[in-house]
Amino acid sequence: MLDGLDRDTEWDLRILGCELIQTSGILLKLPQVAMAAGQVLFQRFYFSKSFVKHSMEIVAMACINLAAKIEEAPRRIRDVINVFHHIKQVRNGKTISPLILDQNYISMKNQVIKSERRVLKELGFCVHVQHPHKMIVMFLQVLECERNQKLVQTAWNYMNDSFRSVVFAKHSPETIACACIYLAARQLQISLPNGPPWYSIFKVSRSDIVDICVQILRLYNRKKPNVDELERLVNERKKVNLEAKMLVKGLTSDGATPNSRPVSPAANAKDSPAGSEVLAVKKLKEEGVAGASDSSAGHDTHNGRHHKKRTRSKSYSSSRSRSRSPRSNHRHGKKHKKDSHHNNNVKYRSSSDKYSSSYDKHHNDRYSKHDDDHWSRSPQRSSSQSSKKYKHRSRSRSPYERHRSSSSKKHNGRSKDRYSSRR
């Protein structure tokens, strides 16, 4: 009786699931042991899981598919789904039509595969089922009643019907076999040895036999389950459980909390004392950044520089800090020492701009004369002159090479003087 379902509804769902497994096994031409194993797995699974959380029809498909594999008579999942679709059409009185292979079919196939894995995980992969069918024939041979075909067939029928109940989850196969023989003999009015009782040979008590017989006979007194009514009850319980779960989590039907107010974060921050302090500090930072930008703009116009103003939002400038490399920090410190009258918040250009501007100034001062002399000549010159000029430019050395050549000459001269003085 998990998740609010009453005992009668759960019993009807168990009976309906076992009937689906039995009927589908007949249409799939499976052996009786495979159908019996599927029903036992179905009953065991729902002793620990709920009919509300797990669909009865999907679990029945998974159980018959798993039982077919266990009994070495595997069937395709597509065949299993087609058979269940056919059973549903016949039950509802609809026209028989093949199943369309659309997205719903793919989704159902994935659900069957996942459900089969869930059954295996819940049962701990202990899916072995000991069938009592052979025990019926063996016990009747011991009682010397195996030639009575009517007794054997009646006991066999009771055995197949007992799979719709929960007796296989409570009693051993030997006890169930003795109960089926006892019930068949009582119905056909066939006397069996009673002094001592015949079932005591197989170490079975009378109370267990009576309990099994009552549960089997109760199946014939129940009305046929109404599928539509059962589905309606399950859906109602699903809805009630979902609302209770959301209520425990503190959520309403629209997804909002009961104590939630449609107030902006800024208003919440103003209401709390800690939030007011944060807003005051943020305001001071914004005023400091604004003053620093004004001072930097005045300094640039004083030196005759005209730069484009870099506009940033206040929140971005106050929250983001500009990281510098060690070399840029070193040069930034030198700049700050030279211009001590500047404000600490003055924003300089990037280090790459400073390096490029200093290098360009040095390069222009050093080679401006050479370039003016070269480009001041008339453009109408012969090819021989231009080739000589470009040959001269190609042979010119860089300042670094000149420094190395001068240092090598000095070193060679010093070495010669030392050598001559030693001699």
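The values are calculated or read from the model by the stated rules, or taken from the named source; none is laboratory data. Because the structure is a prediction, the values reported are computed rather than measured. Here the Cβ positions follow ideal geometry from the backbone for every residue, glycine too, while neighbour counts run over all protein chains shown.
Tell me, please, whether a residue that is out of contact with any helix residue (DSSP H, G or I) (no Cβ under 6 Å at 6 or more places or on another chain) and more than 21 Å from residue 26 (Cβ to Cβ) can be found in region 76-96. The answer is yes, given that some residue of region 76-96 is out of contact with any helix residue (DSSP H, G or I) (no Cβ under 6 Å at 6 or more places or on another chain) and more than 21 Å from residue 26 (Cβ to Cβ).
Okay, residues lined up against (1) surrounded by fewer than 12 Cβ atoms within 10 Å (Cβ to Cβ); (2) outside the structural domain of residue 173 (by TED's automatic domain parsing); (3) free of Cβ contacts under 8 Å to residues at least 60 places away in the same chain:
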position	(1), (2), (3)
188	no, no, yes
196	yes, no, yes
204	no, no, yes
208	no, no, yes
230	no, yes, no
233	no, yes, no
238	no, yes, no
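Put simply, of 8, 12 the only residue that is more than 19 Å from residue 123 (Cα to Cα) and in contact (Cβ under 8 Å) with a residue 60 or more places away in the chain is 12. Here is a list: 84, 51. Which entry is within 26 Å of residue 242 (Cβ to Cβ) and either crowded, with 19+ Cβ neighbours inside 10 Å or in contact (Cβ under 8 Å) with a residue 12 or more places away in the chain (or both)? The conditions single out 51.
Inspection of region 87-96 finds no residue satisfying the criterion of being buried (at least 17 other Cβ atoms within 10 Å of the Cβ) and on the phi < 0 side of the Ramachandran plot.
Evaluated against (1) surrounded by 12 or more Cβ atoms within 10 Å (Cβ to Cβ); (2) out of contact with any Gly (no Cβ under 9 Å at 6 or more places or on another chain); (3) modelled with pLDDT under 90, residue 223 falls short on exactly one condition, (1). Within the span defined as region 204-217, every residue fails to be closer than 17 Å to residue 35 by Cα and either in a helix (DSSP H, G or I) or of a type in the set (S, T, N, Q) (or both). Would you call residue 34 under 33 Å from the mean Cα position of the chain (by Cα) and small (Gly, Ala, Ser)? So residue 34 does not fit the description; no. Residue count for region 118-146 under the criterion of being surrounded by 12 or more Cβ atoms within 10 Å (Cβ to Cβ), over 30 Å from residue 203 (Cα atoms) and not β-branched (Val, Ile, Thr): the result is 3.
Condition check ((1) more than 27 Å from the chain's Cα centre (by Cα); (2) in the same structural domain as residue 161 (by TED's automatic domain parsing)) across all residues:
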{"site": "59", "(1), (2)": "no, no"}
{"site": "63", "(1), (2)": "no, no"}
{"site": "72", "(1), (2)": "yes, no"}
{"site": "88", "(1), (2)": "yes, no"}
{"site": "99", "(1), (2)": "yes, no"}
{"site": "104", "(1), (2)": "no, no"}
{"site": "117", "(1), (2)": "no, no"}
{"site": "144", "(1), (2)": "yes, yes"}
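Of all residues in region 155-169, none that is on the phi > 0 side of the Ramachandran plot and part of a helix (DSSP H, G or I) has its Cβ atom under 6 Å from the Cβ atom of a residue that is polar (S, T, N, Q) and at pLDDT 90 or above, 6 or more apart or on another chain.
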